[in-house]
Every structure is written in structure tokens, then in C-alpha cells.
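These notes concern the structure reproduced below.
Bear in mind that the values in this text are calculations on the coordinates, not laboratory data. Just so it is clear, the structure is predicted and the values come from calculations on it, not from any experiment. When we count neighbours, we look across all protein chains shown, and the Cβ atoms used for this are built from the backbone with ideal geometry, even at glycine.
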Amino acid sequence: MTVLCLVELDAGGAVADASLRALTFSRELAASAAPEAPGTRPMSHRAALNPSDVTSDGLVAAAVFAPEAEVPAAALAAYGVTDAYAVESDQMSGYVPLAWARALAGLITVSSATAVVAAATDHGNEVIAHLAAILGASMAANCASAARAADGTYRLVRHRWAGSLLEDAVLDASPPGSPTSPARPGSPALPASPASPASPESPASPGLPALLTVAVDAVAATPAAEAAAIAVDDFRPELADEDLAVRATESAERAGGMSLATARVVVGGGRGVGGPEGFGALEELAGLLGGALGVSRVVTSQGWRPHKQQVGQTGTRISPELYLACGISGAIQHMAGCLSAKHIVAVNTDPDAPIIAHADYAVIGDLNQVIPALLTALRARSGLS
Amino acid sequence: MDILVCVKRVPMVGGRVVVTADGQDVDTRMSGFTVSPHEECAVEEAVRITERLGGTVTALTLGPAAAADQLRDMLALGAGHGVLLETDGREWGPIATAAAIADAVRRRAAGPAGGYDLLLFGNEAADTGDYQVPVRVAHALGLPCVTGIKNLEITGPGDGAGAASRARASREYLGGEEVFELTLPAVISVREGINLPRYPSLPGRLRAKRAVIERFEPEYHAEGLRKELLRVPAGQTKRAEILGTGADAVPALVRLLEELGVLS
């Protein structure tokens, strides 16, 4: 099978970290459906050695929304991509969610893809959801793993509750009689007929691709054993005016200061801080540790700190070396935001608080005594060094 | 400005999530229910818009009869009307959910009240996290759509913005900010942080208690993505090594910070 992966580029034009993870996931999914034979070489390498062997087995194609010259071909090849498509249009620049989905719909045919994968980012989830609606296909968001079974269905593990709960699921991409969303956005659909059994834009089953987004925390970015031989082709999608109606213009404004998402150390404060005035000590500690301040949901819903400092399912995901969680009970919605922290140290008065079951180390005590004493010790230490 | 806000009844989970013995649901015998946090903010946003521009806010949910409780919570926050798309308690997939919501919107558009100017959603449901119902509703209704919004400005015809109402919606992405312009009617999903929802007022609660909730019974459809089993990930729980108690633990804490290499 061929898996088509949406590849996002970062501000520097390199493959975004989330997309490297999606490419890893795509490669494993493609290999899961390859014919099993002892000693089979990696498909990409075999394809490179013998072009006549390039069948629809075990291949990863990449869709990159950039001019051909800006496609990071070497990086894609290192992840096993054999075909990269540089999607360009005179009508489209930057991020245009519906147009991106139309382009992927076109590329499904061009690449003979049976599955389309994207990282579960804002762009990935949004574009794949548009694609699902265009095709009238099912979409499984936030997958941790996927494999194609012999009967053509997909066995998935996906995240619920932002990863606090796992769902084993089966995706039948072309179930008989599935409802579809037939309308094309922009067309006058008010009032319209109820869901019809088949969309005019989608072929009759079989033929609907599996549409998956990848839970970024669940998959490590791993290059292929051997780089693939890669071909880069230009792809110009056919776009209608309504596909271009909603488009992103990027404001010049960039978030300043230490980014919570990428901070090496995060000092967290929760209900135990007691009020808005209690965060000064935690901010000072974050400063001394070269890190950022993060807070729990109760802190932002009380209005003690701004929402952009919230760590958790509905806030920011962090992945620091050290998360020092002070006065935070450890609700699952909070812990979902720090699953990727290397080390968690909790400061809490309650030895039975849920956070103790997620932490590597704990200090049992009131943060309003522990943190000032820690600050004193760290100040003395830096004064000596 | 008539606004529809779609919300979902989800379990109120705290320190840990427990799965029922058959692995099909979250065990809610010891917990209450709430709506997803993004959706509470969507209701607050709708109420603020209509406070400024006039109009109505309708809260809609698809779920069991008991989901009327969550609609009343939203009515207490300032929504004026509640619509319950009542199910038999089965978990509905995103395709069938979106189709039922789109039908409800069309039904209202065909009646004397007319269509909605704005359909607000939370970015994703707290429990299933499918990330697609708003987009599917937008396609079914032929409306423009954007998701994950953290800032929303609505300009009505009375604001000198021309004949059509418009939305300016933005979100953070990869350290920058993306801005989208949409002509209403439109579908927009928002994230927590777009506002700080108010607490329900006492008059609001009383009004919510008395309000009549409109009920419909949409038809269930199975779809291609099927849940088999829910399970709590292994290895998530551990027992922390206790460094000490109170300020006496500080020397051990400093040694640990040194070992972890976070002290310069």
C-alpha cells in the first residue's frame, strides 16, 4: 500500500518535528501491509535497486505545500519517502485549509494512496477533517499506532482524553452504506437534502482511503534504516474560488520570551499556591532554573494567571527535562500536558494526591515554605559559585 | 446575531480515569458530568457577542436525556434556548453527530426563526477528541469554517462593515499567529483561553431551571471507525521517591536538581 503523508515545514523550511513523527508512523503503517517474506529488505531500498519492483507496496509519499525547490528532499528520503509532491498554485499561498484538503484529494489519485496521514497538529487535524468531509470518509484522530489487517481494515490505537485513555479501534475505510457529507462548501446548501448514501465526489466503495492523524506525543521520530531514492514532482491542484475563501494571513507578531512548550525546565503552580500573589516566588525559581512558569487549569479559570501559561489537555503540552509541580493535585487533564516531561518532581501537602503517582520524586510539604527555602538555598549556591 | 453553540456532555474526571468492566465506557458511577472546557468558552463567547450586537444564543447537544442537565448549565451561563438531540445513550461517531447537527440547523432555517449567523463549537471534545464535527457540519451546510480559534472579533452590519457580518478569527501556530477572515454565516471552533467564562448567576440558574428544552430524536448511524476497547495506558503510575518533608527536604532537592543538570 502507499501512504500519503502531509508534511509541514517549520519557520526555517525544515520538516516540522511533528511531521517527522507522522512520517515515521506512515512508514510503519505502509510496512504493516507489505507482503511478509523472511529476509525482505526495506521496501524503499528494494524499490531503489529495482525500479520495476515499485508496486503499490509499502511506500510513503509526501505532500509538501511549497515550491519544488523548497522541498527538503534529503530529509524526506531519510524517513523513507519515495515520492514527494510539491503542491503549488498561483491562487494559493500560505495555509489555506480547504485548498490543502482539495490538493490531498487530488494526490490520493495521483499517488494511488490507500491511507492519508498527518500529524495531529492544528493544521493536520483541520486539513484531514476537511478531506474526510469532502470524501465522505471516516477519520481517526490522534492515533498512536495503526496497522492494516489482511481484510483491508485498519487496527488502531488512538488517544482519548489527550492520551490519558487509549482506545483500541477498527477503521473500515469503506463500510457499506456509511453516511456522507455530500455538499461542497460554498454551494448554497440551506436547505439541502439529508445525507445521501454516496457523495458525487467520491467513488463507490471500495476506494475510500483511511484518514488518520498522529498523536505527536505517542510516536518518536525515527529515520528509515536506509534512505529511500526519492522523486520530487510538482503538483498543481484544481481549486475553485470557494476553496480559497478561508486562508491564513500570518501576523508579524511572534510570541516573545521563553516558550512554555519548549522550555527545558518548567516550574508549575496550582491551587496550592493560594492566590495570584503567590506566583512571584515560582517565577523567581523558574528564572533561576532558566525555565518557564506553567500553571494548572484551576489557576487560569480563577483568573490568577493568563491562559497561555496553562499546562494540560486544553492548554500547552510541555516536554521539559524537569517539571517541578508545586501545589498541583494532578488531574488527568493536567497530566496529559506533561506526559513528555523527563522528570517530574512534586511539591504537595497531600502524600495521596494523584500527582504523587505520576511523579518521580516528591517533597511532602507546603510549597509556601518549601519554595522560599529552596530559593534561599539556590541564591546562596550561586553566590558561592 | 443568532448564534448556535454545540456542546457535549462528558464525564467529570479528576485524578484518574476508570474504565467500566466491559471496557466500553468511562466509569461514571463516582463522577458527575460537565461539558468540554472549550465549549464552555464557546458559550461565553456567544453570550458576549450577543450582549454587544444583540440576538440570541442557542445551546445544542447530542446525547442521552440526562444531557439536558448540561444544556441547563449553559442556559445558566446566558444561553437563551436549549436544543437536545436525544439519543439512547450509545456513543455516536463524528459523522452521524455532524449529520444530526446539520439537520437541526436546516430545520431551524426552514422555520420562522430563520438560520443561524454563527455556529460555534469547542475545538475538540474532551473525551473522544475526534477533531472533525465542526468541519463536517460546515461542509454539510456549505459554510466557511475555521478551527482552534483563540481570538474572535465579530463585526455586524451595524458596525459599518458593509452589508455582511464578518468574523476575524486568530490562533497561535508554531510560535506565530494565524489570522482568518470569514464572512458569516460561518462555523468556528474555539479553544479555552479565548475568554474567562463567568460564573452562573442566581437569576440565570433559576431561568435555566424553568426553560423549555426543545427535543428531537435523530436517527443513529454506525460508521467506519468502531471502538473496540478502552484501556488506561500501562506504566503511567509510579510511586514517587519521597525526598523529605517541608523545608527540611531542600538540601535533597538541591542535590537532585544538580544531578538532573538543571543548575548552572
Exercise. Counting other Cβ atoms within 10 Å of each Cβ, which chymotrypsin sites (Phe, Trp or Tyr not before Pro) in the range A:70-164 have at most 16 and sit in a DSSP loop?
Worked result: none
Problem set entry | Three-way shape call for the range A:338-385 based on the alpha-carbon gyration tensor, with the a/c threshold at 1.5 | oblate
For this session: Find the eigenvalues of the gyration tensor of the Cα atoms of the range B:26-175, then list the square roots of 5 times those eigenvalues as equivalent ellipsoid semi-axes, largest first, in whole angstrom.
Result: 26, 18, 16
For this session: Measure off 7 Å from each Cα along the Cα-to-Cβ vector at B:A109 and A:V110, then give the distance between these two points in nanometres to one decimal.
Result: 3.3 nm
Exercise. Once amide H atoms are built 1.01 Å from N in the peptide plane, which residues 5 or more positions from B:Y173, or in another chain, come under 5 Å H to H?
Worked result: B:E178
Problem set entry | Inter-centroid distance (Cα atoms) of the range B:197-213 relative to the range B:89-164, Å | 23 Å
For this session: Determine ³J(HN,Hα), in whole Hz, for all residues of the range A:231-240 in sequence, where each value follows from phi through the Karplus function 6.51 cos²θ - 1.76 cosθ + 1.60 and θ = phi - 60°; x replaces Gly and Pro.
Result: 10, 10, 10, 7, 10, 10, x, 8, 10, 9
Seminar exercise, completed: Row for the range A:305-350, column shape: gyration tensor on C-alpha, a ≥ b ≥ c, rounded if a/c < 1.5 i.e. under 1.5, prolate if a/b over b/c, else oblate; value oblate
For this session: Apply 1/(1 + (r/R0)^6) to the Cβ-Cβ distance of B:E51 and A:D241, taking R0 = 30 Å, and write down the FRET efficiency to the nearest 0.05.
Result: 0.30
Exercise. What fraction of the Cα pairs in the range B:116-264, stated in percent, has a spacing above 24 angstrom?
Worked result: 63 percent
Exercise. Tell me, B:D27, A:D172, A:D90 in order of fewest to most beta-carbon neighbours within 10 Å?
Worked result: A:D90, B:D27, A:D172
Problem set entry | Those GluC sites (Glu not before Pro) in the range A:243-322 that DSSP places in a loop and that have at most 14 other beta carbons within 10 Å | A:E253
For this session: Enumerate the amide H contacts of A:V347 below 5 Å, restricted to partners 5 or more residues apart or on another chain; note that Pro and chain-start residues carry no placed amide H.
Result: A:A325, A:C326, A:G327, A:I328, A:V363
Seminar exercise, completed: Under the Karplus relation with 6.51, -1.76 and 1.60 and θ = phi - 60°, whole-Hz ³J(HN,Hα) for the range A:300-307, x at Gly and Pro, equal 7, 6, 7, x, 6, 9, x, 4
Problem set entry | Amide H within-cut-off set for B:I242, under 5 Å, with H built and near neighbours excluded | A:A362
Exercise. In the Gaussian network model of chain B, springs joining C-alpha atoms below 10 Å, which of B:P134, B:P218, B:P112 carries the largest mean-square fluctuation?
Worked result: B:P112
Exercise. What do you get when you divide the Cα radius of gyration of chain B by 2.2 N^0.38 Å, with N the number of residues?
Worked result: 1.19
Seminar exercise, completed: Shape call for the range B:60-119, from the Cα gyration tensor axes a ≥ b ≥ c (a/c under 1.5 means rounded, otherwise prolate when a/b beats b/c, else oblate), comes out oblate
Seminar exercise, completed: With the range A:265-384 reduced to its Cα atoms and the Debye formula applied, log10 I(q)/I(0) at q = 0.15, 0.17 1/Å amounts to -0.58, -0.75
For this session: Indicate, rounded to the nearest 5 percent, the antiparallel portion of the DSSP beta bridges found entirely in the protein assembly as shown.
Result: 35 percent
Problem set entry | Charge dipole of chain B about the Cα centre (unit charges at C-beta), most positive-ward option of B:H81, B:L152, B:L206 | B:L206
Exercise. Label-point separation (nm) for B:R168 and B:E153, each offset 7 Å from Cα along Cα-to-Cβ?
Worked result: 0.2 nm
Seminar exercise, completed: Note on the range B:121-234, DSSP bridge orientation, antiparallel percent to nearest 5 equals 70 percent
For this session: Sticking with the crude label model, points 7 Å out along Cα→Cβ, report the distance from A:R379 to B:R16 in nm, one decimal please.
Result: 4.1 nm
For this session: Evaluate the charge dipole of the protein assembly as shown about its Cα centre and quote only its size in Debye, nearest 20, assuming +1 on the Cβ of each Lys and Arg and -1 on the Cβ of each Asp and Glu.
Result: 1420 debye
For this session: Arrange A:D241, A:D217, B:D248, A:D122 by Cβ neighbour counts within 10 Å, fewest through most, would you?
Result: A:D241, B:D248, A:D217, A:D122
Exercise. So what J values fall out for the range B:9-17 if you push phi through Karplus, 6.51 cos²θ - 1.76 cosθ + 1.60 with θ = phi - 60°, rounded to Hz, Gly and Pro as x?
Worked result: 6, 10, x, 8, 9, x, x, 8, 9
Problem set entry | Packing-based exposure ordering (other Cβ within 10 Å, fewest first) of B:I242, B:I101, A:I230 | B:I242, A:I230, B:I101
Exercise. If you count the DSSP beta bridges with both ends in the range B:2-216, what percent of them are antiparallel, to the nearest 5?
Worked result: 40 percent
Problem set entry | chain B: most fluctuating residue of B:A98, B:A66, B:A113 per GNM, C-alpha cutoff 10 Å | B:A113
Problem set entry | Nearest-0.05 FRET efficiency for A:A66 and B:E228, computed from C-beta distance (R0 41 Å) | 0.60
Seminar exercise, completed: Here, the protein assembly as shown modelled as identical Cα point scatterers in vacuum has Debye log10 I(q)/I(0) at q = 0.06, 0.07, 0.08 Å⁻¹ of -0.33, -0.46, -0.60
For this session: Under 22 Å Cα to Cα from B:K8, which lysines show up? Leave out anything in the same chain fewer than 8 places away.
Result: B:K150, B:K209, B:K227
Exercise. Taking chain B as a Gaussian network, where each spring joins two C-alpha atoms under 10 Å apart, which residue of B:G142, B:G23, B:G176 fluctuates the most?
Worked result: B:G176
